[in-house]
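Heads up: the structure comes next, in structure tokens.
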């Protein structure tokens, strides 16, 4: 059943609406959703997987099953060959991105002199979206962080986006003396209950010419708004519609989990994303500290309220429209998850969102190809599709590798028979050079951040990889059973510590 567009009390077949998106929504399989956006369902994760995608998956599984029945050994050989080649390609791609980042700083660098030249009277109003749900405890720290931002307070429009059914948070905030540039905006109760839906509602009420999202536990660089503003001026002719600040953590030393998390973010935001920017590849956005011109954000139709990693999806949509994201030399410090159960829920949601993003944008893969010289479809496979696949394949390959060395006399010849000679050399290269490179990459990321005392923990990162793979299986289960469910991450654990 196709989704039906709902606007006010009327409904009709969904089409692109030029009307005000406030209170717009969908009726799908008998359920009513209020989305506050005109984003067409074909670009949304409302429907997890479409019929033609189901046919492709069923077809591939059927071919694999028939292959095992007819000639299982040859089927396993071909499967392992394909996976090994993908591993090898991913290794070369990451090596390429690291070299690009280290040879030349691709991010936009804004210096102190440029900032000092800005006059307050020339600055526009800047909207800050802060979606909150049952986390009022961290709000006092957020108010302190925003008060440090180097931007005229009379030109700040800070929106605290609260859910109507979150009575506790609403009651607690009513007791607080909020600064004059803070506004409390109550998002009407409706499904889906997600962060992007709340941000879409806030977008309609935005007063600023520019806008940024911060989470309630964020501590942004005080000069970040000015750096983003200057970066937009520098890239005016380059189709840049989003400026992404880097993310890292202020509680990186709390325990071993926060150290792993810090290494991961240092690698991602200081090596990988700048490398992607250098080749103008699609950039999966971080969930916070991405800056937009408000008019551009409205042109993009805001966020997909059904995607639980809406930032990644929006970054890909930007690239498919021939637009770009730029990284700037500014950092927002967040709270690294310090409890395994909480981390597991958060990570499985992120992976589920990446799966949603992959399925949505592979419905029409030709839209990546604006011309024959544009390799964005390949970059998308490597940065999103390949990452998802590796999470499921890694444990199987690790088991095979460990079995080969532990039981070489009995299992060695069998495992070797699954590898063609060139594929075998690729596998050995990936095993020895590849794993060393990936671990060393974590060290480089930490070194760029001068996080010297965390570097030694990189040798333990394979255990972190295993935990991520376990989270991926939970994500796959939830993708099937409850795709739009937003598993809430508890913030403020560092305060208890």
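Here, each number is a calculation from the coordinates, and none is a lab measurement. Because the structure is a prediction, the values reported are computed rather than measured. Positions of Cβ are generated from backbone atoms using ideal geometry, with glycine treated the same way; all protein chains shown enter the neighbour counts.
Report the full-extension gain for the segment residue 64 to residue 121: residue separation times 0.36 nm, less the Cα-Cα distance, to one decimal in nm.
Once the chain is fully extended between residue 64 and residue 121, it gains 14.0 nm.
For the pair residue 398 and residue 148 in one chain, pulling the backbone fully straight at 0.36 nm per residue adds 85.2 nm over the alpha carbon distance.
The distance from the alpha carbon centre of the range 297-359 to that of the range 199-238 is 16 Å, rounded to a whole number.
DSSP beta bridges confined to the range 78-497 are antiparallel in about 25 percent of cases. Taking other C-beta atoms within 10 Å as the exposure proxy, 397, 355 rank 397, 355 from fewest upward.
Ranked by how many other Cβ atoms sit within 10 Å of their own Cβ, fewest first, the residues 81, 348, 147 fall in the order 147, 81, 348.
Projected onto planes of every orientation and averaged, the convex hull of the alpha-carbon atoms in the range 33-162 covers 15.9 nm². Computed on the Cα trace of the range 78-497, the radius of gyration divided by the Kirkwood hydrodynamic radius gives Rg/Rh = 0.98. For helix 435-448, report the angle its Cα long axis makes with the longest principal axis of the Cα atoms of the chain; keep it between 0 and 90° and round to the nearest 10°. Once rounded, the angle reads 20 degrees.
Listed peptides 83-91, 356-364 appear in the order 356-364, 83-91 once ranked by packing, highest mean of other Cβ atoms within 10 Å at the front.
Counting only DSSP H runs of at least 4 residues, each contributing -39500 (n - 2.57), and dividing by the residue count of the chain, the helix-based mean residue ellipticity at 222 nm comes to -15000 deg cm²/dmol. Any idea what angle helix 256-267 forms with the longest principal axis of the chain, computed on alpha-carbon atoms, 0 to 90 degrees, nearest 10? Taking Cα atoms only, the helix is inclined about 90 degrees.
Counting only alpha carbon atoms, the long axis of helix 51-103 and the longest principal axis of the chain meet at about 60°.
For the range 288-434, the alpha-carbon coordinates run over 66, 46, 31 Å along the three principal axes, in decreasing order. Most tightly packed first, judged by the mean number of other beta-carbon atoms within 10 Å of their residues, the peptides 31-39, 404-412 read 31-39, 404-412. Rg of the Cα atoms in the range 399-497, relative to 2.2 N^0.38 Å, amounts to 1.54. Cβ crowding within 10 Å ranks 264, 310, 416, 135 as 416, 264, 135, 310, fewest other Cβ atoms first. Which log10 I(q)/I(0) values does the range 101-230 give at q = 0.14, 0.18 Å⁻¹ under the Debye formula, counting every alpha carbon as one identical point scatterer? Result of the Debye calculation: -0.66, -0.99.
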